[in-house]
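Only one structure is covered here, and it is reproduced in the block below.
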Amino acid sequence: MSELDYVGKRILRKDGPDKITGRAKYTMDMRLPGMLVGRILRSPCPHARILNIDTSRAEKLPGVKAVITANDTLGIKHAFVETPRYPPDQYALAANRVRYVGEEVAAVAAIDPYVAEEALHLIQVDYEEMPAVFDPIEAMRQDAPEIHPTHPKVKEPFKNIGGKTYSGWGDVETGFAQSDYMREDRFESHLRTHGYLETQVALASFEPAGKLNIWTSSQGPFIKREKLARTLGLPLSAVRVQMAYVGGAFGGKVDLYAHEFCAALLSMKAGLPVKIAATREEVFAAYRHGQPLIVEIKTGVKKDGTLLAQQIRVINNCGAYRGTGVVVIFLAWGFVMLPYRLPNLKYEGYAVYTNNPPRTAQRGHGAPQLRFALDSQLDMIAEELGMDPVEIRLKNARQPGEQLPNGDNVHNCGLVECIERAAEHTGFREKHLQNRSVGTTLDPLRRGIGIAVSSYHSGSLIYPNSSSAVVKMNDDGTLTLMTGAMDIGQGAETILSQIVAEEVQVPVDKIEVIAADTETTPVDIGSWISGNTYVTGNAAREAASVVRKKLLDLAAEELEASPEDLVLDNMRVYVAGSPGRALKYRDLFTASIRKRRGDPIIGEGHWRTMQDVPFHPSLATTKGRWSENYAFDAQVAEVEVNTETGMVRLVRAVTAHDCGFPINPLLVEGQIDGQISMALGHAFLEEVIMKDGRTLNPSWLDYHMPCIHNMAVSESIDVITETYDVGRSYRTKEVGEGLVSAILAAIANAIFNAIGVRLYSTPFTPEKILRGLGRIK
C-alpha cells in the first residue's frame, strides 16, 4: 500500500469545501420559478375505514392549485420488497382504510405554506374507527384485530404475520443432547429514529412534454425512478431523478415515500413545480424509523465453550405495512451465521403487522439488535463456565477460508486477529479481572470493560443489481467520472476519485465527478447495501483501466516503445529510466482524436457482485448466495457506572476491524467515530416513545441525540487482509454499517463487568441499572 499514490491515503473529501462554505445545494434549498408548496393530510386514527373524503372546500380556496386523494391515483401499490412471495402492500395515498396514525390520505399544492395548511383543514374525511393493536406479541394472537391477513405460506396459528424466514442446518436436537451446558434468554430492542438533519423533502417539476423531474433527499436515484415511474404510470425514460446533496439518511431514505409520489402527482395536475418538505414533527410521528426486535435464544455448548447448537426466534414489529420487516428477519439469520462457527442452527423470524408506522432500514439493519443478544448471552455462558470472554470468542471465531452454510466464503477473514489485537490494545484480560475484584469498594463510580464481535456483508443482489461508471478524458488531460452513485455523506465521490486517480495517475483534484442523475449517469446500486466501495468502486476501476490502456497504447506508438516499458505519472507518460522521453496526457488526447477515428479516450466499467449468481437469496428460506465479501470486527467498550444515580458513561471505545484495506483511512476513521456515536445513542439516550400508535416525543427537545460532550474516546485498529493492485479487481470490505453493532453488546457486557447487572433490553437506562442493583423496586 505504501507504493500507491492515491489509494490508501488520507485525502480530504471532495465535497468538503462546498459543504463548509454553504455552496452545497440540498433539496431543501432548491427553488424553481412558480414553485408551489405541497402539504399532506394524515390520518388521526390508528385503524379506521375511510367512509368519505370531501375536498370541495379546499379546492375552492384561493391560492390552491391542486388537491389529490387516492381517487386521483392509478391505485398501484408499492413496497420496499416487491417479489412474487411478497407483493406490494401499500398505496401511496390510503384507499378505503388507514392503518396507522399519520398515514397519508390527501395532499394539496398551494401558493404558500399558509394557504396549503388552511386547505388541509378544509378537507373533510369521515372515518369509522376500528380496533387497533400495537404490540407484536398481542398482534400474533388469534383474537387480535386483523391489520392484514397472515401470509398464506405461514401455517402456524398466528395472526397478522407479514412474512416469515425459516432456516437452519445440522440437527439442533442432537446438538443440544451433546451439550454440557445450555441456557435460554430473551432480549428486546427499542424504537429509534435515524436522526438525519435534513428532513424528508422532494421537489417535482412536470414538463408539458411529459418529462417528470425529481430532486429528492434519497439514497439512490435509480430505485426512486423505478418506483415513481410504475406508480405514476410513466415510462422510465419519462422520469428523471436528479442529483442533490443529502443531509443524512442512515437507511431512512431508500424506499418510495408518499411525499415524493404526491409532489410528482401534484405537479402533473397543477402544471407547476411542487415541493413537499416534512416537518421534524412529521418525521417523528409518521415516517419510518428503525426495527425494534425481540430475540429469543437457546444455546448449547461444550464445557470448553465450543458452540454446538442454537435455536433462535426473532419477532419484528414491522408496523402497518411490511416495509423492510421481511428483510430484517432475513438479515438477522445472516448476522447469526457470520462471526462464529455453529454446527447446528434452527432459525425462525416473523415480521408482524401492528398499527404503528411502517419500519425501514436503519444503519446496521438488525445487526446491533442481534449482536446485543448473541454476544451478551455468550458472555453469560463464559461466566457460567469460568471462561475468559476473549478465550470463548477465539475458540468459536471464523477462520480464513471457511465456507459458510449458505455457500459463501469468508475468504481472508481477519476476525481472530481483530479479537486478539483489540484485547491486547486495551489490556482487556487484566482489566476484566481487576474490575470484578473491586465490587465491594465504597466508591460509587465503577469501571467495567466488555468485548463483542460482528460481521457485515459488502454488497448483495438487490435492484438494480450492478453498477457502471464512465471515465472520460478532457482536452487538457483532466478526467470526468460519471457515476450513478449517491454521496450521502460517506465520501463516495472521494473514494471513487481516488481509485480512478490511482489507475490513471491523475490527481484527485483534477477529476470532476458527475453523479446520481438517472438521465446522464450510468446505473448504480445505490448507497444502501454497503456495496459502494466494492461494487461501484470496481466499476470505476474498470472504466479507468480502459483509459489507462488507451493512454499506454497511444504513448507506445508515439514514443516507439513497448507499453510494458512505459510509466504513468502525474498526467504524463514516460519511458522507464528515461523521464525525458515523455508525453503529456493532453498531447495524447490530441493524438487519439487524430489517429483513433476521433476517440476522445473514454472508458466504461461495469461490476456486479457474485457475477455467476442469477438471483438474490430467498428472504423466506435463505437459500442462495448472499454476498462475496464480509467485513469482520471486534469492539471493546470501557464504561463508568455511577451506582448511586444509575448513570452510565462510555469512556472508551476500541474498534479492531477487517475492512480488507482502507482506501481512505481518514474516511474510515470518520465512519467508525460516527457509528460509535450512533451506538452510544442506542445504548443510553435515544428512544421514540409511542402510545396507542402516537409519538409522545416528536422533537429534538424530547428525543435525545448524542452531543459532542457525550462522545467517548474512539480508537481504531486496521487489520489489513487484502491488497490493492493497479489493473486488478480488488476485494475491499464495508466499513459504514457493521461497526455500529458489536459495540452495543460490548457496552452491555462492560456494565455487567462493572456492577454485575445483566441487561436484557435497550436502552440501558438509570432505572434499569438501579433496579438491577436493588436500589428501586
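The values are calculated or read from the model by the stated rules, or taken from the named source; none is laboratory data. None of the values given here were measured: they were computed from a predicted structure. Please note: Cβ atoms are built from the backbone with ideal geometry, for glycine as well, and neighbour counts cover all protein chains shown. The area values use the complete protein model at the heavy-atom level, side chains included, leaving out ligands, DNA and RNA. Shrake-Rupley method; radii C 1.70, N 1.55, O 1.52, S 1.80 Å.
For the stretch 492-514, a residue qualifies if it is under 13 Å from Thr536 (Cα atoms) and open to solvent by less than 10 Å² (accessible area, probe 1.4 Å), and the qualifying residues are Ala492, Thr494, Leu496, Ser497, Gln498, Ile499, Val500. Mind listing whichever residues of the stretch 205-237 are among the polar types (S, T, N, Q) and closer than 21 Å to Asp487 by Cα? Within the stretch 205-237, Asn213, Thr216, Ser217, Ser218, Gln219 qualify. Taking the criterion of being at pLDDT 95 or above and open to solvent by less than 10 Å² (accessible area, probe 1.4 Å), the residues of the stretch 457-483 that qualify are Ala469, Val471, Met473, Gly477, Leu479, Thr480, Leu481, Thr483.
Selection of the stretch 591-609 for residues being in a loop (DSSP other than H, G, I, E, B) and not hydroxyl-bearing (Ser, Thr, Tyr) yields Arg596, Arg597, Gly598, Asp599, Pro600, Ile601, Arg608. Kindly indicate whether Tyr114 is hydroxyl-bearing (Ser, Thr, Tyr), on the phi < 0 side of the Ramachandran plot and either part of a helix (DSSP H, G or I) or open to solvent by 60 Å² or more (accessible area, probe 1.4 Å) (or both). So Tyr114 passes the test. Condition check for Ala631 on (1) under 24 Å from the mean Cα position of the chain (by Cα); (2) surrounded by fewer than 16 Cβ atoms within 10 Å (Cβ to Cβ); (3) among the small types (Gly, Ala, Ser): one failure, at (2). Residues that are in contact (Cβ under 8 Å) with a residue 12 or more places away in the chain and part of a loop (DSSP other than H, G, I, E, B) within the stretch 750-777 comprise Gly756, Val757, Arg758, Leu759, Tyr760, Thr762, Pro763, Phe764, Thr765, Leu773, Arg775, listed in sequence order. Scanning the stretch 382-410 for residues that are assigned to a helix (DSSP H, G or I) and of a type outside the set (Gly, Ala, Ser) turns up Glu383, Glu384, Leu385, Pro389, Val390, Glu391, Ile392, Arg393, Leu394, Lys395, Asn396.
Among the residues that make up the stretch 647-663, is at least one of them open to solvent by less than 30 Å² (accessible area, probe 1.4 Å) and of a type in the set (Asp, Glu)? Yes; the residues of the stretch 647-663 include at least one that is open to solvent by less than 30 Å² (accessible area, probe 1.4 Å) and of a type in the set (Asp, Glu). Here Thr723 clears all of (1) more than 23 Å from Leu739 (Cβ to Cβ); (2) surrounded by fewer than 19 Cβ atoms within 10 Å (Cβ to Cβ); (3) hydroxyl-bearing (Ser, Thr, Tyr) except the condition numbered (1). Against the definition (closer than 30 Å to Ile529 by Cα, outside the structural domain of Ala501 (by TED's automatic domain parsing) and surrounded by fewer than 24 Cβ atoms within 10 Å (Cβ to Cβ)), how does Arg731 come out, yes or no? Yes; evaluated as a whole, the condition is true for this residue.
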